[in-house]
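Contents: one structure, followed by commentary.
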Ligand SMILES: [Zn+2]
Ligand SMILES: [Zn+2]
C-alpha cells in the first residue's frame, strides 16, 4: 500500500472517531511523528498477517524487529520505503521461525543494515540460511547477551535473552524493551511461559506501557505473572485473520481484559502505529474496528442493535470490538441495558 493511501486511511479512521482526544494530524502526512525539540519516536506494528514485524523509528534512526514470512519481504521493503527509511541501524531476528525471519532477507538485500542481532539457535531452513547469508554483508549476526544495551537515537534499547535451551525455538526469542523518555515498549517475539519465567528470574525490568503480545496471542505465553511484571496499558497482537491456530486465544484475551489492557490487533486494525512524545502514547491504525462503537456510549440500542457478552469475563462488547471472545463463550444481548441487567460490565476498550 502506498503511503498516501495509508495516510488517508488513518485520517478517515480518526475523523470518524468522534471521541478521539489526540491530534493524529501531527503524525501525518509523512509518518515522521510529533517533533518536540527535534526528537520523535514511533513504533509501527506492520500487518504481515500470521507473523510478526515491527519498525521503530527514533530521531531518524530505524530498528526492524522481525520481517514477517518470506512472502512479506516485498511488503516490508515497500513499507520501509514509504517511511523514508533508507538505512537500518539495528535489525533483530527474535528467533529462527519463518514467520519472523522469513521477510528479513528483502531489507538486507535492498538497504544498508548496520547491525544484525539474532539468538544463537538457528534453523535448518532455506529462509534462515538465506537470512544468514544476506546478514554476512552487514557484518554477520551478533548474538546479544542478556541485558545488552544499545541506543536508537535518544531511545534506549535493552535485550533480554532467555536461558531455557533451544528445544522449542519460540523459547529462544530475544525480547527487547525500548524506553523513550518516560514511555516504554516491550517486544517479546514468540517467547513462551518458560522463557518469560527465565527473563523474570534474571531480574530484568519488564514494566512497559505497550506490550507486543508474545506468540500471536497464544495461551502458552503471556502468563499472569509475566503480565503483572509488565503491567501494560496497551497490548498489540500480531496475527492473521481466521488463522488456523485460533490466535489470539481466548485465555490470553481474557487475561488482558481482566487487567483492563486496551488491545490492538493487526488482523482487525491492519497496520498499527504508536507514537510517543516521551510522556504520552497515541495510537493510529489503518483500520479502526472501534470506529463504530461510539454510538454505544450514547446508549441508543434501538438503532445500533446487539452487543456481545463474554461468559468468562462477564464483560460486554460492541460487535466490532478488538477483544471479542470465541463463539462458544459469547452471549448475545439486544442492548447494553440488557447486558447490564444480566450482570455484565462494559468492555473498557470499546465501551460495550
Ligand atoms: Zn515462533
Ligand atoms: Zn511466530
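Just a few scattered comments:
- Set side by side, the residues 80, 75 differ, and just one is away from ligand 2 (no atom under 16 Å from the Cβ), part of a helix (DSSP H, G or I), closer than 19 Å to residue 267 by Cα and out of contact with any strand residue (DSSP E or B) (no Cβ under 6 Å at 6 or more places or on another chain), which is 75.
- With respect to being more than 20 Å from residue 59 (Cα to Cα), touching a helix residue (DSSP H, G or I) at 6+ places or on another chain (Cβ under 7 Å) and within 16 Å of ligand 2 (Cβ to nearest atom), residue 118 falls outside the description.
- Of the residues making up the stretch 103-115, those that are outside any helix (DSSP H, G or I) and in contact with a helix residue (DSSP H, G or I) (Cβ under 9 Å, 6 or more places away or on another chain) are 103, 104, 111, 113.
- Within the stretch 203-222, the residues that satisfy the criterion of being in a loop (DSSP other than H, G, I, E, B) and under 17 Å from the mean Cα position of the chain (by Cα) are 206, 207, 208, 209, 213, 218, 219, 221, 222.
- Among the residues listed as 160, 180, the single one being in contact with a helix residue (DSSP H, G or I) (Cβ under 6 Å, 6 or more places away or on another chain), within 19 Å of residue 207 (Cβ to Cβ) and either more than 16 Å from ligand 1 (Cβ to nearest atom) or free of Cβ contacts under 8 Å to residues at least 24 places away in the same chain (or both): 160
- Checking each residue in the stretch 184-195 for being over 14 Å from residue 94 (Cα atoms) and without any contact (Cβ under 8 Å) to a residue 40 or more places away in the chain picks out 184, 193, 194.
- Residue match in the stretch 115-138 (condition: over 24 Å from residue 215 (Cα atoms), under 24 Å from the mean Cα position of the chain (by Cα) and touching a residue at least 12 places away in the same chain (Cβ under 8 Å)): yes
Every number in this text was worked out from the coordinates using simple rules, so none of it is lab data. Note that the structure is a prediction, hence the values are computed from the model and not measured. Cβ: placed from backbone, ideal geometry, glycine included. Neighbour counts: every protein chain shown.
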